[in-house]
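What follows is a single structure, written as structure tokens, with notes after it.
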Amino acid sequence: QVQLVESGGGLVQPGGSLRLSCAASGSIFRIIAMGWYRQAPGKQRDLVAFITPGGAANYVDSVKGRFTISRDNARNTMFLQMNDLKPEDTAVYYCNVFPKRDDFWGQGTQVTVSS
């Protein structure tokens, strides 16, 4: 079983930056792919980016060039650096394994981009 705790969200103006963190329990973290997902109001929860155990990163087109996913396997922690934030990035952000497992969702962290 894996427990995931997201943090780092907040209110930021358009063009601003935030860094999200995902702390994971369990010894399997370092051998599994991990992902960041987000859910905007009234929309489904979608993948934003994922990273392999070795650090290879993949992004959806809407965040390419603005977001950077990374991980620290020694600390069982994953990050999402978000730059040049836009109002359409407003959502609750979640981490999970990739592909996601419905029994691993945490509480998420709210990101609001607004002037």
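The values are calculated or read from the model by the stated rules, or taken from the named source; none is laboratory data. No experiment lies behind these values; they were computed from the predicted model shown. Positions of Cβ are backbone-derived with ideal geometry, glycine not excepted, and every protein chain shown enters the neighbour counts. All accessible areas refer to the heavy atoms of the entire protein, side chains included, with ligands and DNA or RNA removed. Shrake-Rupley method; radii C 1.70, N 1.55, O 1.52, S 1.80 Å.
Values as computed for the structure displayed
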{"read-out": "Cross-link reach list, aspartates and glutamates versus K86, counting only Cα pairs under 15 Å and skipping chain neighbours closer than eight places", "value": "D61"}
{"read-out": "I28, I51, reordered so the largest accessible area comes first (probe 1.4 Å)", "value": "I28, I51"}
{"read-out": "For K86, net neighbour charge (Lys/Arg +1, Asp/Glu -1) across residues whose Cβ lies under 14 Å away", "value": "-1"}
{"read-out": "Residue-normalised accessible area of the stretch 35-100, expressed per residue, 1.4 Å probe, Å²", "value": "48"}
{"read-out": "Gain upon complete extension [K64, Q44; 0.36 nm per residue less C-alpha separation]", "value": "5.2 nm"}
{"read-out": "Additional length obtainable on full extension of the chain from Q81 to I31, 0.36 nm per residue less Cα span", "value": "15.8 nm"}
{"read-out": "Inter-site label distance for W105 and D72 at 7 Å from Cα along Cβ, in nm", "value": "2.8"}
{"read-out": "Shape category assigned to the chain from the gyration tensor of Cα positions, a/c cut at 1.5", "value": "prolate"}
{"read-out": "The stretch 22-42 versus the stretch 45-104: alpha-carbon centroid distance in Å", "value": "8"}
